[in-house]
Amino acid sequence: MTGFKRFVCITALLIGAARATAQDDTSAAVLQLKDYCKRNVPTGYSPRLGILTLTPKGNMHYLFPLYHGLKDEEKFRKIYSDKGFFDEMSQYFAFAGDYRTALQYLVRSYDSIDDATRKKIYRTAANLPDIEHADARKYIRLAARNRKVVMINESFSKPLHRAFTYSLLEDFYRMGYHYLAMEMLENFANRRLSSVGMHSGYYVCEPVAGELMRKAIEIGYTLVPYEDTAAAVHTANQRDSVQAAHLYDVLRQDSTAKILVHASYAHISKKQQPDGYIPMALAFWRLSGIEPLTIDQTDMTEESNFGYGRVIYQAYTTKFKITQPSIALLNNSPVNVTDKDLYDLTVIHPPTQWLDGRPTWLSLGGTRQPTYVKSPSGSVFMVQAYYQQEIDNNNNTPWQLVPADQTYTPGGRDGMGRIRYLLYLRKGKYKIFFRDINYHILSTLAIEVS
């Protein structure tokens, strides 16, 4: 038995049962927000609210769900369950541009691994031989050449996954993939697909998702919304079957079509589950007779998608110094180190590198550059950059628009001692909005990134 197979066997057998105890590494900005919510009544706060939402009263408000989750944590943990609450809050921190806190909250939704199991996984990983690593983007491009449908997934809390799909868009378009189907796209009658905004889709409101959609439109993709509009009342099987049928409609209408599908989690699995659940990818394969190439990103990203995968990822990246998105190869064949057989390929993302509190992968492969914005006053809590043209086209208001980037994490001070914030922006004109902790607009600033 090879070292890799021993690693797979051991990790498949060792499952911990204790609850996760995440290290408290809360940022100063989140502590400030939490303290403010406990001591005050934020503007728009409602003690009767029974669901966390980003769009109160029909407009975007990126701090609104954080106000309620931080002020009424006990209430919402009862509503969502502990696991559901921390997962939900993780997503809203990601929406706000706070990736570090998003990861911390995500981990709090996991079961943990006991120390003995953790050490055994690390020892086994340390002795792994035989594995090589290929550049994920190049490997995927080769694997996709002769396919009609490629499906790649994401975790809602990890904009990194959207950033990687963003990096594939131009290559795939050149290979003839002119349809981009995204689960996140709104599929009701009021949908907005020609430009990016609140009605483009709920998850499109996350800034990297907005950039993914903008880039696809610029390249020339036909955007395909395929979500089940009755998902709220359908079973999981019904929902995935409807999704599959919507995707198949594209091929029935255009027999030459090649489709890149961006979905969430195990919807792209091609394996029926023991409980009878048939994932969207499998339902599509059975319906169309076309086997999709499926690519997972959720298992082997830092903090993974479940507690056990988190330890495997940590042990694996301790052994192998992954510096770029990679595919693990054993005897020239791709392997999934978490021993899942749900997907064709698994992308191993490197640990995040940080610059002044922000992930450097926000550069989106170098298409955006780090841009520092100075705070005009001590009352500023959040800084948002909107495309000037989108603001102009929206009656000079940002309320239903998606920022190019945003943050409330200070990026140090300039030479005069003024607080600055780091944003990642493409070349172009922007309108910067400075907001206080109540989300009130304090001032704006027009800038141009050259």
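So here's what we get for this one:
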{"read-out": "Residue, least open to solvent (accessible area, probe 1.4 Å), within the stretch 280-300, restricted to residues that are of a type in the set (D, E, K, R) and over 17 Å from residue 163 (Cβ atoms)", "value": "299"}
{"read-out": "Residue within the stretch 164-186 that is open to solvent by 30 Å² or more (accessible area, probe 1.4 Å) and either within 27 Å of residue 85 (Cα to Cα) or of a type in the set (Val, Ile, Thr) (or both) present", "value": "yes"}
{"read-out": "Output for the stretch 387-415, where each listed residue is within 23 Å of residue 27 (Cα to Cα), in a strand (DSSP E or B) and touching a residue at least 12 places away in the same chain (Cβ under 8 Å)", "value": "405, 406, 407, 410, 411, 412"}
{"read-out": "Tally, over the stretch 251-264, of residues that are touching a Phe, Trp or Tyr at 6+ places or on another chain (Cβ under 7 Å) and either surrounded by fewer than 19 Cβ atoms within 10 Å (Cβ to Cβ) or acidic (Asp, Glu) (or both)", "value": "2"}
{"read-out": "Hits in the stretch 15-44 (condition: modelled with pLDDT of 90 or more and open to solvent by less than 40 Å² (accessible area, probe 1.4 Å))", "value": "27, 29, 30, 33, 37, 42"}
{"read-out": "The one condition in (1) assigned to a helix (DSSP H, G or I); (2) closer than 29 Å to residue 399 by Cα; (3) over 25 Å from the mean Cα position of the chain (by Cα) that residue 44 fails to fulfil", "value": "(1)"}
{"read-out": "Filter pass, residue 337 being buried (at least 22 other Cβ atoms within 10 Å of the Cβ), aliphatic (A, V, I, L, M), farther than 21 Å from residue 228 by Cβ and at pLDDT below 95", "value": "yes"}
{"read-out": "Selection count where residues are of a type outside the set (D, E, K, R) and either part of a loop (DSSP other than H, G, I, E, B) or without any contact (Cβ under 8 Å) to a residue 24 or more places away in the chain (or both), scope the stretch 294-311", "value": "7"}
{"read-out": "Count of residues meeting criterion [in contact with a Ser or Thr (Cβ under 7 Å, 6 or more places away or on another chain) and in a strand (DSSP E or B)] in the stretch 423-450", "value": "9"}
{"read-out": "Wholly within the stretch 195-293, helices (runs of 4 or more DSSP H) carrying at least 2 residues that are under 24 Å from the mean Cα position of the chain (by Cα) and more than 27 Å from residue 391 (Cβ to Cβ)", "value": "236-253, 280-288"}
{"read-out": "First in the stretch 228-257 and within 15 Å of residue 187 (Cβ to Cβ) and of a type in the set (D, E, K, R), second anywhere and in a loop (DSSP other than H, G, I, E, B) and open to solvent by less than 30 Å² (accessible area, probe 1.4 Å), Cβ under 6 Å, 6 or more apart", "value": "239/228; 240/279"}
{"read-out": "Condition met for residue 90 (on the phi > 0 side of the Ramachandran plot and at pLDDT 95 or above)", "value": "no"}
{"read-out": "Helices (runs of 4 or more DSSP H) contained in the stretch 56-167 and holding at least 1 residues closer than 22 Å to residue 346 by Cβ and among the basic types (Lys, Arg)", "value": "115-126, 136-144"}
{"read-out": "Only listed residue being at pLDDT below 95, open to solvent by 10 Å² or more (accessible area, probe 1.4 Å) and among the basic types (Lys, Arg), chosen from 239, 141, 145, 191", "value": "191"}
{"read-out": "Enumeration of residues in the stretch 93-122 that are basic (Lys, Arg) and modelled with pLDDT under 95", "value": "118, 119, 120"}
{"read-out": "Those residues of the stretch 185-227 which are under 15 Å from residue 260 (Cα atoms) and without any contact (Cβ under 8 Å) to a residue 40 or more places away in the chain, in sequence order", "value": "213, 217"}
{"read-out": "Pairs, first on the phi > 0 side of the Ramachandran plot and touching a residue at least 24 places away in the same chain (Cβ under 8 Å) in the stretch 363-382, second among the small types (Gly, Ala, Ser) and open to solvent by less than 30 Å² (accessible area, probe 1.4 Å), C-beta under 7 Å, six or more apart", "value": "364/163"}
{"read-out": "Among the candidates 148, 120, 138, 71, residue that is under 30 Å from residue 288 (Cβ atoms), of a type in the set (Lys, Arg) and touching a residue at least 12 places away in the same chain (Cβ under 8 Å)", "value": "148"}
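Yes/no matrix, rows are residues, columns are (1) open to solvent by less than 10 Å² (accessible area, probe 1.4 Å); (2) on the phi > 0 side of the Ramachandran plot:
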position	(1), (2)
389	no, no
395	no, yes
402	yes, no
407	yes, no
414	no, no
446	no, no
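The values are calculated or read from the model by the stated rules, or taken from the named source; none is laboratory data. Predicted model, so just to flag it, every value in this text is computed and none were measured. When we count neighbours, we look across all protein chains shown, and the Cβ atoms used for this are built from the backbone with ideal geometry, even at glycine. Keep in mind that these areas ignore ligands, DNA and RNA; they rest on the heavy atoms of the full protein, side chains included. Shrake-Rupley method; radii C 1.70, N 1.55, O 1.52, S 1.80 Å.
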